[in-house]
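The values are calculated or read from the model by the stated rules, or taken from the named source; none is laboratory data. As the structure is a prediction and not an experimental result, all values here were calculated from the model. Methodologically, a virtual Cβ is constructed for each residue, glycine included, from the backbone with ideal geometry; neighbour enumeration extends over all protein chains shown. For accessibility, only protein heavy atoms count, side chains too; no ligands or nucleic acids. Shrake-Rupley method; radii C 1.70, N 1.55, O 1.52, S 1.80 Å.
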Amino acid sequence: MSSLAANLVQSVDWLAIAPPTIAAVVGLAVLVADLFVGDAKKALLGWLSVAGLAASALMLLPLLDGDRATFCLSGEADVCSYTADRFTLVLQLLVLGGALLAALLSVTALKDADKGLPEGEYWFLLLSSAAGAALLPASRDLATLIVALEVASLPAFALVGLRQGDRKSSEAALKFFLSSVTATAVSLMGISFVYASTGTLYLTQIADRVQHVDGQLHTLTQTGVVLTLIGFAFKTAAVPFHFWVPDTYVGAPSRSPPTCRSSARRSASPA
């Protein structure tokens, strides 16, 4: 009984999962710190977020020595849910680098917003979305892949609709939400077909077993793969499923909408 329990214990490679984990932990720390930081010091939350994203990106350097994997099946070291290989590191560098650049630009944008945006919530949502996007390329099973997609996209709904009282922002958030939910539903249906025909969610095992599937199960597998890819493409706005993206940019919290005060100043100025 003790040997069976020992086989079920997972050994986590914390170094492998450090980049997305640091971003997520810093995001939670920023959200909690927002409760105790006064309005005059809200800018510190932005610099803490920038430091967290920079630390996440720097943690990619120790992973260059070789491929690392964790959350693997007992007795099958090559069947894992998380793998940090060169492909993963390149995409995580792009994701975290882009998030770091967005954070640096947002520090100034939030300052110019004149308290029009809740800074603590903004930084938490940005870091959460970055953590999910960094987890995405390391996912090696369909369940983790779906979770990573949702962690990356759910905070984005709130980010798009973060401008309170802005009708365009609310409309953009609603369109983003509806399109994303539809994509998730299609992906989950496809994944259920793939699991029904192959009996596994791990990508390596699916690649092996799909070659030996025939008859009706082969048709079911093909249908599942197509639906899964369509859902992922719609979710990530890949061409030709990118038509909903421009509406979401309308609600971007970093845009500069006209304010009533500026309109009033223009109307009060002498002709």
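Summed over the stretch 93-103, the residues that are touching a residue at least 12 places away in the same chain (Cβ under 8 Å) and either open to solvent by 80 Å² or more (accessible area, probe 1.4 Å) or of a type outside the set (A, V, I, L, M, F, W, C) (or both) give a count of 2. Filtered by the rule that a residue be farther than 23 Å from LEU154 by Cβ and either free of Cβ contacts under 8 Å to residues at least 40 places away in the same chain or charged (D, E, K, R) (or both), the stretch 187-199 gives PHE193, ALA196, SER197, THR198, GLY199. Close contacts from the stretch 161-186, counting a first residue that is touching a residue at least 24 places away in the same chain (Cβ under 8 Å) and a second that is of a type in the set (Val, Ile, Thr), with Cβ to Cβ under 6 Å and a gap of 6+ residues or different chains, come to LYS168/VAL250; ALA172/VAL160; ALA172/THR248; ALA172/VAL250; ALA173/VAL160; PHE176/VAL160; PHE176/THR248; VAL186/ILE230. Residue count for the stretch 226-271, restricted to those that are of a type in the set (A, V, I, L, M), surrounded by 10 or more Cβ atoms within 10 Å (Cβ to Cβ), assigned to a helix (DSSP H, G or I) and modelled with pLDDT under 80: 3. If you go through the stretch 108-119 and keep only what is surrounded by fewer than 18 Cβ atoms within 10 Å (Cβ to Cβ), part of a helix (DSSP H, G or I) and either modelled with pLDDT of 85 or more or among the charged types (D, E, K, R) (or both), you end up with LYS111, ASP112.
Looking across the stretch 188-201, just one residue is small (Gly, Ala, Ser), part of a helix (DSSP H, G or I) and within 18 Å of SER81 (Cα to Cα), and that is SER192. For the stretch 207-225, a residue qualifies if it is among the small types (Gly, Ala, Ser) and either surrounded by fewer than 16 Cβ atoms within 10 Å (Cβ to Cβ) or in contact with a Lys or Arg (Cβ under 7 Å, 6 or more places away or on another chain) (or both), and the qualifying residues are ALA207, GLY215. Does THR204 fit the bill of being open to solvent by 30 Å² or more (accessible area, probe 1.4 Å), touching a Ser or Thr at 6+ places or on another chain (Cβ under 6 Å), part of a helix (DSSP H, G or I) and touching a residue at least 60 places away in the same chain (Cβ under 8 Å)? So THR204 does not fit the description; no. Can you confirm whether the stretch 48-66 contains a residue that is open to solvent by 80 Å² or more (accessible area, probe 1.4 Å) and either basic (Lys, Arg) or closer than 28 Å to ILE206 by Cβ (or both)? Checking the stretch 48-66: not a single residue is open to solvent by 80 Å² or more (accessible area, probe 1.4 Å) and either basic (Lys, Arg) or closer than 28 Å to ILE206 by Cβ (or both). Residues that are outside any helix (DSSP H, G or I) and open to solvent by less than 30 Å² (accessible area, probe 1.4 Å) were ranked within the stretch 139-160; the one that is farthest from GLY27 (Cα to Cα) is ASP141.
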